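Novice: Got a structure here, written out as structure tokens. Questions coming.
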Amino acid sequence: MNSAAPAPIAASDPAGAFVPGPPVTLMPSGSGPLDGLTFAVKDLIDVEGSRTGGGNPDWLKAQGCATTSAPAVRALLAAGAALRGKTVTDELAFSLEGVNAHYGTPVNPACPDRIPGGSSSGSAAAVAAGLVDFALGTDTGGSVRVPASFVGVYGFRPTHDAVSLAGVVPFAPSYDTVGWLARDIQTLSAVGDVLLPKASPAPIRTLRLVCDAFALADPKVSALLRSHCDALEIDDEITLFDGAEGEWLECYRVLQGAEIWRQLGPWIRSAQPRFGDAIAPRFTDAASITPADVARWAPARASFAARIGAMLGDGVGLVMPTAPCVALRRDAGPSEIADFYRRALVLTSIAGHAGLPQIGVPAGRLDGCPVGLSILASPGHDRALLETESRWANLAGHKEPT
């Protein structure tokens, strides 16, 4: 991973989490449940008076200043929170690593010799370093969930379309969401109270452990996470993939890639932007996907979503690892990175294919590195996942067996 150079660090930004240049700040526009809290915004989300850079200098040059902030940002300001800056993102969100060839790699405060995860890398680093109370990110294929696990904070991906995507750089719209990260579930939940639709879903009373999702994790990660199952009071264990993990992955690669090229391909063909060595081939692959590929895999996505739905329902949550491993070392080689993606994208595709809400919670450490556990629920059950008195609210405080 030769491009994992640290981001330039200023005294006020020890994690290298914020985009270069003068800080982008806004005072609250109102008063409410977020009074006194500070937040940061991933640089894929519009903030009034600033340009949205997307993690790529050529994209930044092509943008004018946003005339209004994204609805999610406006809602947070109206609820009393103060914006403290825009955060570094992997280029146009096309990575789970947190490495940016142009702006550097934010520091993982929990284990500085390792990557922070991406693409909401700066948002995760800013929260973990205590620079802000919470941060907005985007999550298409794990871009909030994976960095939350890698740096040891709470992360939330909402039900698809529960939070407006207006004012957000589009990537793969049928998978895209605006998510957020915080150091504690109380703050995570308070942000949800502001951003999510007002609803009263059934509480989650039944937890089902997804065995083949645990099988995708490193053995030590799986064992650590399973050590929490007594505290979670798991009701039963299920299999989801039935040996077809490769199909879930290929379905995601094709359908996401086709949407990415539909959204960003015209600009890429016209502008011929400079991408980092790891990012350019991903866009090339997206450009190669054909309508026949999409026609083949679209029914598979519907089938996967139906299978997940049959295992869920009111009051049911699925338990699985957030990521298959701890954060990779900054000097990880190509084979290790490829293996990470092969497993991580299968795990993260579950919520993506079905548009599900998912909470990632810190669940202890392995060799000094954070490990995260996730609970998924049916669409619209976001607030049930964010319940501050839930069984999973404080897993990091549960003592693992020795």
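Novice: Need the full-extension length gain, L60 to A306, defined as separation in residues times 0.36 nm minus the C-alpha distance. One decimal, nm. If you can, show how the numbers build up before the last one.
Specialist: Working: separation 246, 0.36 × 246 = 88.56 nm, distance 3.98 nm.
Additional length available on full extension: 84.6 nm.
Novice: Dipole of the chain, Cα-centred, from +1 at each Lys and Arg C-beta and -1 at each Asp and Glu C-beta, to the nearest 20 debye?
Specialist: On the way: 31 positive and 40 negative charges, 120 e Å.
Charge dipole of the chain: 580 debye, to the nearest 20.
Novice: Okay, next question. What list of ³J(HN,Hα) values in whole Hz, one per residue of the stretch 302-309 in order, does the Karplus curve 6.51 cos²θ - 1.76 cosθ + 1.60 (θ = phi - 60°) give from phi, with Gly and Pro shown as x?
Specialist: 3J(HN,Hα) across the stretch 302-309, in whole Hz: 4, 5, 4, 4, 5, 5, 4, x.
Novice: Then there is this: In terms of modelled amide H atoms, which long-range or inter-chain residues lie less than 5 Å from the amide H of G179?
Specialist: Under 5 Å from the amide H of G179: G137, T138, D139.
Novice: Per residue of the stretch 49-64, in order, report the coupling 6.51 cos²θ - 1.76 cosθ + 1.60 (Karplus, θ = phi - 60°) as ³J(HN,Hα) in whole Hz, putting x for Gly and Pro.
Specialist: Once rounded to whole Hz, the list reads x, 10, 8, 8, x, x, x, 9, x, 6, 5, 4, 4, 7, 9, x.
Novice: Once amide H atoms are placed 1.01 Å from N in the peptide plane, what residues at a sequence separation of 5 or more from A82, or on another chain, have their amide H within under 5 Å of its amide H?
Specialist: Placed amide hydrogens put L37, T38, F39 under 5 Å from A82.
Novice: Relative contact order for the stretch 299-399: what is it in percent, counting Cα pairs under 8 Å that are at least 6 residues apart? Each step should come with its number before you reach the end.
Specialist: Working: 128 pairs, mean separation 32.7, N = 101.
Reported relative contact order: 32 percent.
Novice: If each Cα of the stretch 104-182 is one equal point scatterer, what is log10 of I(q)/I(0) from the Debye formula at q = 0.15, 0.19, 0.26 Å⁻¹?
Specialist: For the requested q values the scattering log ratios are -0.46, -0.70, -1.14.
Novice: ³J(HN,Hα) across the stretch 165-170 via Karplus (A = 6.51, B = -1.76, C = 1.60, θ = phi - 60°), whole Hz, x for Gly/Pro?
Specialist: 9, 4, x, 10, 4, x
Novice: First check a/c for the stretch 227-364, with a ≥ b ≥ c the square roots of the eigenvalues of its C-alpha gyration tensor; if it is under 1.5, answer rounded, and if not, answer prolate when a/b is larger than b/c or oblate otherwise. Working shown, then result.
Specialist: Values: a/c = 2.45, a/b = 1.46, b/c = 1.68.
Cα axes put the stretch 227-364 in the oblate bin.
Novice: Please list T67, T290, T52, T284 from largest to smallest accessible area, probe radius 1.4 Å, with all protein chains kept in place.
Specialist: Accessible-area ranking of T67, T290, T52, T284, largest first: T67, T284, T290, T52.
Novice: Please list, ordered by chain and number, the residues whose modelled amide H lies under 5 Å from the amide H of E237; skip anything fewer than 5 residues away on the same chain.
Specialist: L209
Novice: Lys pairs in the chain, Cα-Cα under 21 Å, at least 8 apart or on separate chains: how many? Write down the numbers at each step before the final one.
Specialist: Working: K42/K61; K42/K86; K61/K86; K220/K399.
Going through the chain pair by pair, I get 4.
The values are calculated or read from the model by the stated rules, or taken from the named source; none is laboratory data. Values in this document were obtained by computation on a predicted structure and should not be read as measured data. FYI the Cβ positions are ideal-geometry reconstructions off the backbone, even for glycines, and counts take in every protein chain you see. Please note that ligands, DNA and RNA were not included when accessible areas were found on the heavy atoms of the full protein model with its side chains. Shrake-Rupley method; radii C 1.70, N 1.55, O 1.52, S 1.80 Å.
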